[in-house]
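Computed from the coordinates by the stated procedures, all read-outs in this text should not be read as laboratory data. Remember, predicted model here, so these are calculated numbers, not experimental data.
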Amino acid sequence: MSLLIKGGRVIDPSQNIDAVLDVLVENGKVKEIGKGLSAPAGCKELDAAGKCVVPGLIDMHVHLRDPGLEYKEDIISGTRAAAAGGFTSVCCMPNTKPAIDNKAIASYIINKAKAEGFCNVFPVGTITQGMSGDRMAEMGELKEAGCVAVSDDGKPVCSPELMRRSLQYAAGIGIMVISHAEELSLVGEGVMNEGFTSTEIGLKGIPRVAEDIATAREILLAEYTGAPVHIAHVSTLGSVRIIREAKARGVKVTCETAPHYFTLTDDAVRGYNTNAKMNPPLREAADVAAIKQGLKDGTIDCIATDHAPHHLDEKDVEFDAAMNGIIGLETSLPLSLKLVDEGVLTLPELVEKMACNPAKILSLGRGSLASGAVADITIFDPAAQWTVEADKLQSKSKNSPFLGWQLKGKAVATVVSGKIVEI
């Protein structure tokens, strides 16, 4: 099967391409990029005039809730939401029930995604067995089964010694450690960012230093061992500064942030809006400015959603009792495109954060439109206006703080291995 994508603005930072071109796909691979390409016999044509054509977007941090929590989301609904949002690949976190700490669970996810999914799914295994924080998981087995990283996301690895050994072992077998950086003794019973808003509305706060201290620990351990580490969902100005300084010293650290951390502040919690409750929590304006600066200067490598679906019954409760997390796969692209409108990033830089860099960090073999590359391609209209409506979202869960928002920018076609995804 062949596909010719005609006349779109092709942006591929891996090849320094940004021009109006055609893309020819054959047998699931990119065959050629150029002007005025002719379609072979029987080739499907797709008019991309006025649209952007980029390497398939990759979300390196999602929760698909499958197995065990399918009432919130499953591989089918989660990948449908991903494809609707323009993502051709997602990396699913291991806090399922049971956790992804063995070959059988990883194989189940991979096989189900291949059979029924709408995009590529790369599982992330656990750092510790059962995410207990006590004993290291069988990382070699997890890598062999197809896991692309290890993480106890949702929980920090509290023991510095266990994290040290995990970094060393993971580096030895060539798998990335993704850290959930959080010092639980400082979190206590906090449910939102500690600051003026938490004081005014009477909710217990989580100080930003809870993230900063944990980030600093991971960086010091990475520096000591020489092993790479990736910091998940960076939300504070302190973490950005610590990571920037570490990169300047040559520490092998990469990191990600999420659209809500450069879009919202903790003011979104006012009215006790549980759809604005997440971990780490929404911070203050100074943190949002620091996140944007970190994206601009390259301190922050990736934009990931931390897509965390929850059932209505888990959010429609008192704020203290509500589960942490929001969905984000279908709003990530337009929220991130706002960074381009604001002059924080150029479009090629945004594509790097959402496609090229995640692929590079996790060695996914994606993130490029080079000849011979897997034809994972996202086509989006940066000017398309739309409203976020719960009943039109593909995710099973609707826990988004952006419901009712008018957004600009939308995926119009998602191509996975050369095939246009039909949703």
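Mind checking which aspartates and glutamates have their C-alpha under 18 Å from K35, skipping anything on the same chain fewer than 8 residues away?
Cα-Cα hits under 18 Å: D12, D18, D22, E26, E45, D47.
Residue by residue, what Karplus-based ³J(HN,Hα) values in Hz, rounded to whole numbers, does the range 256-267 have, using 6.51, -1.76 and 1.60 with θ = phi - 60° and x for Gly and Pro?
Result, rounded to whole Hz: 9, 10, 10, x, 5, 7, 10, 10, 10, 10, 5, 4.
Provide the percentage of antiparallel DSSP beta bridges, counting only those with both residues in the chain; round to the nearest 5.
Approximately 50 percent, going by the DSSP bridge assignments.
Amide H to amide H under 5 Å from K396: which residues, 5+ apart in sequence or cross-chain, H placed 1.01 Å off N in plane?
Those lying under 5 Å, H to H, from K396 are D74.
Go ahead and set up a Gaussian network model of the chain, Cα springs under 10 Å, then flag whichever of K112, K155, K392 fluctuates most.
Checking each option, the largest mean-square fluctuation is seen for K392.
By a straight-distance test (C-alpha under 16 Å), which aspartates and glutamates pair with K252 as possible cross-link partners, with residues fewer than eight away in the same chain excluded?
Answer for K252, where 16 Å is the Cα cut-off: E218, E223, D301, listed by chain and number.
Out of residues 5 or more away from R283 or on other chains, whose amide H comes under 5 Å of its own, with H placed 1.01 Å from N in the peptide plane?
When sequence neighbours closer than 5 places are left aside, the close amide H contacts are D266.
From the Cα trace of the range 247-335, what convex hull volume per residue do you get, rounded to a whole Å³?
Numbers: hull volume 9.8 nm³, N = 89.
Hull volume normalised by residue count: 110 Å³.
Measuring from centroid to centroid over Cα atoms, what is the spacing of the range 348-413 and the range 1-79 in Å?
Each part's Cα centre sits 11 Å from the other's.
Reachable lysines from K72, Cα under 26 Å, same-chain residues fewer than 8 places away excluded?
K97, K103, K112, K114, K155, K277, K315, K392, K396, K398, K410
Show the residues, 5+ positions off or on another chain, whose built amide H is closer than 5 Å to the amide H of K419.
Correct list: empty.
What percentage of all Cα-Cα pairs in the range 300-423 are separated by more than 18 Å? Walk me through the intermediate numbers first.
Numbers: 4662 of 7626 pairs.
So the portion of pairs separated by more than 18 Å is 61 percent.
Go through the range 404-411 residue by residue and turn each phi into a ³J(HN,Hα) via Karplus (6.51, -1.76, 1.60, θ = phi - 60°); whole Hz please, and just put x for glycine and proline.
Taking θ as phi minus 60°, the curve returns x, 6, 8, 10, 10, x, 7, 5 Hz for the range 404-411.
I'm spelling it out carefully: the read-out is Cα extents along the principal axes in Å, the candidates are (1) 62, 58, 40; (2) 65, 47, 43; (3) 90, 64, 41, and one was derived from this structure. Which label?
From the options (1) 62, 58, 40; (2) 65, 47, 43; (3) 90, 64, 41, the structure gives (2).
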